[in-house]
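The values are calculated or read from the model by the stated rules, or taken from the named source; none is laboratory data. What you are looking at is a predicted structure, and each value in this text was computed from that prediction instead of being measured. Reconstructed Cβ throughout: ideal geometry from the backbone, glycine too, with neighbour counts over all protein chains shown.
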C-alpha cells in the first residue's frame, strides 16, 4: 500500500498537470481540433505547449533518474518493454482517432470535468466504458491463450534504467 506522502505527491502532481493543461489550452476541444486540422484552419499554438513539455521532460528526466529513488516513493516504476506489438499500435490508433473526433485525450478530459460541460462528461463516460471493455477483453483473451505464449518482460537493469 502506498504511503500518504506518496498519494499526496501524486495528487499534487495531477493538480499541477491539470492547471498546465488548462493554461495551455489543451482542455479546449476546438483548439485541439484546430491543431489537428492541417487541411483547414490549422492552429499551431498547441505545438508550442507540447514543445515546452518535451523540453522540460528532456532536461528533467536526466536529473531525476540520477537519484536513487523518487521523492515520494521507494523506487522508480519505469517501463521495461521496448517492443511494438499489435495491441500498442491499435491502442495508439484508437487514441488518435478519439482525440481527433472529441478534441480530448484522457488528461484534458478529466481536467475539463470541472467545467461541467456535457462534452467533457460524455468523453469521460465513453473513456471509462472503453477502459472496462479493454480489461474484459484482455481477461477473455488471457483465458484463451496459454501462458507459454505470453511475451516475456525483461527485468529492469541499471543499463536500461539509464537509457
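Structure data summary
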| read-out | value |
| --- | --- |
| Failed item, numbered, when residue 49 is tested on (1) surrounded by 12 or more Cβ atoms within 10 Å (Cβ to Cβ); (2) free of Cβ contacts under 8 Å to residues at least 24 places away in the same chain; (3) part of a helix (DSSP H, G or I) | (2) |
| Within region 18-46, tally of residues that are outside any helix (DSSP H, G or I) and closer than 27 Å to residue 78 by Cα | 1 |
| So residue 15, is it out of contact with any strand residue (DSSP E or B) (no Cβ under 7 Å at 6 or more places or on another chain), closer than 16 Å to residue 108 by Cα, modelled with pLDDT of 85 or more and buried (at least 16 other Cβ atoms within 10 Å of the Cβ) | no |
| Residue count, region 154-163 (criterion: surrounded by 10 or more Cβ atoms within 10 Å (Cβ to Cβ) and either modelled with pLDDT of 60 or more or assigned to a loop (DSSP other than H, G, I, E, B) (or both)) | 3 |
| Condition met for residue 22 (modelled with pLDDT of 90 or more and either under 23 Å from residue 120 (Cα atoms) or surrounded by 11 or more Cβ atoms within 10 Å (Cβ to Cβ) (or both)) | no |
| The one condition in (1) free of Cβ contacts under 8 Å to residues at least 60 places away in the same chain; (2) in a helix (DSSP H, G or I); (3) surrounded by 10 or more Cβ atoms within 10 Å (Cβ to Cβ) that residue 63 fails to fulfil | (3) |
| Given (1) surrounded by 11 or more Cβ atoms within 10 Å (Cβ to Cβ); (2) touching a residue at least 60 places away in the same chain (Cβ under 8 Å), index of the condition residue 71 fails | (1) |
| Selection status of residue 35, in contact with a helix residue (DSSP H, G or I) (Cβ under 7 Å, 6 or more places away or on another chain) and farther than 30 Å from residue 138 by Cβ | yes |
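Per-residue answers, yes or no, for (1) closer than 29 Å to residue 130 by Cβ; (2) within 16 Å of the chain's Cα centre (by Cα):
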residue: 21; (1), (2): yes, yes
residue: 31; (1), (2): yes, no
residue: 60; (1), (2): no, no
residue: 87; (1), (2): yes, yes
